[in-house]
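Novice: Okay, here's the structure, questions in a sec.
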């Protein structure tokens, strides 16, 4: 596969992006295992299959930029550079979790890493993210608020209110639709009328585009284009990512709404494998170099697992802390 | 034809004649502007109801506090005989039975102002420079002072800027702070509330106005799930320093969808602070404290109290602490607990209660969550009796919870059942008599006091 690299990333940079994608993949596979073993409870929504989206966007991010997303957030907080140990310990509900074990899979935050969650109500993160963009503009900060939403949220009323406000007040917001084709078990064909999802924002005067979300290079190019547009015009922008989740909506999803054939077909364009192939074939990176990275990540995940299981449960007195500041 | 001072808003009782735009002898056609009238909310134009000639101006411009339905001018309508002009008496709307007529305390003998002056708690041990102003002005002052002190504070909501506020609370703030800090929003509560919460997560301190709290229902998911819970579920990482404010409860005959008290709803939620002031002084001190508070605060005002005046300190550092109630009248026989508008209802009932020889402790809670439990229990332990007055629906209400708290904390001290006087469990009716019946009234409060005192 001949992949373009219009953004002139160095091989080292590309390897870093690959490393992040591989980390998310292995982290999520471990999370699935731990869920199966009863070590992770509740809802657990895995990011497997969508890694090119978050890392492609990451390649365009200024470290000061802020990010907010919904409940499928493990990949996002890892991409933002939060220690995977703290993330896994949150999944296992332990004292050392990033939210001290009080948030869980869907509720993780890190101000230091400019990650604002981690929100469990479909669509609710979109006005919040627009508000973060409002704060950037209010303070004359040269930051962009990056707001992720799923295809399901694109039929939620407050999302349109947020589009209107972002465009009306010319806020520095990049909306990223992760269209993985299903809102839980309902396909977009059964939930969304009309044409492309991103076009629903264009009626508010928001420019946008649709991109192959399985391809890191396409995502990255589009994200950089979006950043330049927002910086130049001080207006929001929207990208629809054509992507797919290889696992169920959550760990308790039997997946009866789609065929095995469909899933297997999508796995042929696995974003992590495609990235790896490109690095090997088009960038002539040595296989050993990649193998070293992969084995380091696998080792790291073992440590992450150990940490997340050894960290103690939260103190019982934590029940009543942090209700008020 | 008589020109009467019209009611130009649901709560208008009097108006000021700012300016006549016609003089005696002028010919006018229907729709011509005759005068400018200042209401409790805005300055409005009075139009001529018919074609004719201005016969006589009866009320001079500059006159204040003219009652609604006062004759202010005579119009000679073409074809109408002069005799007819004075023939018709002013038609009065049928009066609701006198017992149900509930004047605010300023119109009865007990004034909120005198009670506040006596109240030790309110002086805070300091000699403030005070001025008598309305709650509307007090809220406006609080916002202005805090916006001057902290550039992270901004105000958004429907009609808060160019329109000067639907209830005039935000009057003049756009001119003072500009459109970057005073923002008119689209009619889009779910969206702008979420936006305001997001801005607060990123460190700003929004004041999010709901034109009335009825409209906050459009945004209740954002208030409950995003504002109230974020601090906890982020393990202390994300706080939401925001104030949601606006009028709450029943105003005057605005019907079921615009007349609901949401105190029970918001006070149910851990993570929210809930405030409900009864007077101008508390409103200012508590709103300032709310804006400075790092948590989400639901600040419930009452439209009928906006025009009520008390002495209010003018100093920047005048604050009333959140979580402190106020014993506004000290007695010994029964504890009567209210907040917001119900404090006025209790004061209206006070003369009848005192006539029975009963001297009550009257507690104005001011802060619903957190609740000043110590003040309540100390009073009930002294009086051994408690009556709770709330405007909200009675079932599953804040008052029900408060009565549970009192019985579980003061069980051995109680000499009687606790009675709560609540709003009736019906959507608010429009008709004047039914609306009055739906809200707690003097008779119900007096009966409750008699019952807990075993007086027939």
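Novice: Is the range A:11-311 best put as rounded, prolate or oblate by its Cα gyration tensor, with a ≥ b ≥ c the root eigenvalues, rounded for a/c under 1.5, and otherwise prolate when a/b is larger than b/c, oblate when not?
Specialist: Note, shape of the range A:11-311 comes out rounded.
Novice: Pick out which of A:314, A:84, A:172 has the largest mean-square fluctuation in a Gaussian network model of chain A, springs linking Cα atoms closer than 10 Å.
Specialist: A:314
Novice: Right, next: Tell me, how many Å apart are the Cα centres for the range A:67-94 and for the range B:372-433?
Specialist: That distance is 46 Å.
Novice: Per the Kirkwood definition applied to all pairs of different Cα atoms, how many angstroms is the hydrodynamic radius of the range B:363-456?
Specialist: By the Kirkwood definition, the hydrodynamic radius is 14.2 Å.
Novice: With the crude spin-label approximation of a point 7 Å out along Cα→Cβ, what separation in nm comes out for residue A:203 versus residue A:140?
Specialist: 3.8 nm
Novice: Follow-up question, since we're still on this one. Quick one: compute a quarter of the convex hull surface over the Cα atoms of the range B:228-321 and quote it in nm².
Specialist: Its Cα hull, projected and averaged over all orientations, spans 7.0 nm².
Novice: List the pair-distance distribution P(r) of the range A:236-301, using every Cα-Cα distance, as the percent of pairs falling in each 5 Å bin from 0 up to the bin containing the longest distance, rounded to whole percents.
Specialist: Going from the shortest bin to the longest, the percentages are 3, 13, 15, 15, 17, 16, 13, 7, 1.
Novice: Pull out a ≥ b ≥ c, the square roots of the eigenvalues of the alpha-carbon gyration tensor of chain B, then state rounded if a/c is under 1.5, prolate if not and a/b is larger than b/c, and oblate in the remaining case.
Specialist: oblate
Novice: In addition: Taking neighbour Cβ counts within 10 Å as the exposure measure, how do B:417, A:29 sort from fewest upward?
Specialist: Ascending number of Cβ neighbours within 10 Å: B:417, A:29.
Novice: Just to be sure I understand the model, the point goes 7 Å from the Cα along the line to the Cβ. What's the resulting residue A:286 to residue B:27 distance in nm?
Specialist: With each label point 7 Å from Cα toward Cβ, the separation is 10.4 nm.
Novice: List residues of the range B:285-307, by number, whose backbone nitrogen lies under 17 Å from a label position 7 Å along Cα→C-beta of residue B:119.
Specialist: Within reach of a label on residue B:119, which here means backbone N under 17 Å from a point 7 Å along Cα→Cβ, the range B:285-307 contributes B:285-290, B:300-302, B:305-307.
Novice: Cut-off is 10 Å between beta-carbons; in what order do A:145, B:289 appear when sorted fewest neighbours first?
Specialist: In increasing order of surrounding Cβ atoms, one gets B:289, A:145.
Novice: Can you give the angle from 0 to 90° between the axis of helix B:373-383 and the longest principal axis of chain B, with both taken from C-alpha atoms, to the nearest 10?
Specialist: For B:373-383 against chain B, the angle is about 90 degrees.
Novice: Taking a cut-off of 20 Å, what percent of all Cα-Cα pairs in the range A:179-325 are separated by more than that?
Specialist: In whole percent, the share of Cα-Cα pairs in the range A:179-325 beyond 20 Å is 70.
Novice: Could you calculate the contour length gain from residue A:181 to residue A:83, that is, 0.36 nm times the residue separation minus the distance between their Cα atoms, to one decimal place in nm?
Specialist: 32.3 nm
Novice: Less than 20 Å from a label point 7 Å out along the Cα-to-Cβ axis of residue A:190: which backbone N atoms in the range A:128-155 qualify, by residue?
Specialist: Those under the cut-off are A:150-155.
Novice: Another question, then. If each of residue B:132 and residue B:424 carries a label point 7 Å out from its Cα toward its Cβ, how far apart are those two points in nm?
Specialist: Once both label points are built, they end up 3.7 nm from each other.
Novice: Please report, in Å, the Rg and the Dmax of the range A:77-159, where both are computed over Cα atoms only.
Specialist: Looking at the range A:77-159, its Cα Rg and Dmax stand at 14.0, 40 Å.
Novice: Let me ask something additional. Rounded to a whole number, what is D in µm²/s for the range B:334-416 from Stokes-Einstein with the Kirkwood radius over alpha-carbon pairs (25 °C, 0.890 mPa s)?
Specialist: It diffuses with D of about 188 µm²/s by this estimate.
Novice: What are the radius of gyration and Dmax of the protein assembly as shown, computed over its Cα atoms and given in Å?
Specialist: Both quantities, over Cα of the protein assembly as shown: 31.4, 110 Å.
Novice: With N denoting the number of residues in the range B:193-253, provide Rg(C-alpha) divided by 2.2 N^0.38 Å, to two decimal places.
Specialist: 1.21
Novice: Against the longest principal axis of chain B, how steep is helix B:280-292, in degrees 0 to 90 to the nearest 10, with axes from Cα atoms?
Specialist: With both axes taken from Cα atoms, the answer is about 60 degrees.
Novice: Here's a follow-up. Per 10 Å bin from zero, what fraction in whole % of the C-alpha pairs of the range B:346-387 is there, up to the bin with the longest pair?
Specialist: That works out to 26, 48, 25, 2, in percent per bin.
Novice: If a/c stays under 1.5 just call it rounded; otherwise compare a/b with b/c (prolate if a/b is bigger, oblate if not). Do that for the range B:112-313, with a ≥ b ≥ c from the square roots of the Cα gyration tensor eigenvalues.
Specialist: rounded
Novice: Tell me the mean residue ellipticity at 222 nm calculated for chain A from its helices only (DSSP H runs of n ≥ 4, each -39500 (n - 2.57), averaged over every residue, nearest 500).
Specialist: Taken over chain A, the calculation gives -13500 deg cm²/dmol.
Novice: For the residues B:192, B:398, A:22, what sequence is obtained by ranking on other C-beta atoms within 10 Å, fewest first?
Specialist: Listed from fewest to most nearby Cβ atoms, that is A:22, B:398, B:192.
Novice: For residue A:33 and residue A:111, compute 0.36 nm times the residue count separating them, minus their Cα-Cα distance, and round to one decimal in nm.
Specialist: 25.2 nm
Novice: What is the mean number of Cβ atoms from other protein chains located within 10 Å of the Cβ atom of each residue in peptide A:160-167, rounded to a whole number?
Specialist: Rounded to a whole number, the mean comes out at 5.
Novice: By how many degrees, between 0 and 90 and to the nearest 10, does the Cα long axis of helix B:398-409 differ from the longest principal axis of chain B?
Specialist: 30 degrees
Novice: Can you order the peptides B:363-369, B:323-329 by their average number of other Cβ atoms within 10 Å per residue, highest first?
Specialist: Answer by packing, highest mean first, reads B:363-369, B:323-329.
Bear in mind that the values in this text are calculations on the coordinates, not laboratory data. Since this is a predicted model, take the numbers as computed values, not measurements. So basically every Cβ, Gly included, is an ideal-geometry build from the backbone, and we count neighbours across all protein chains shown.
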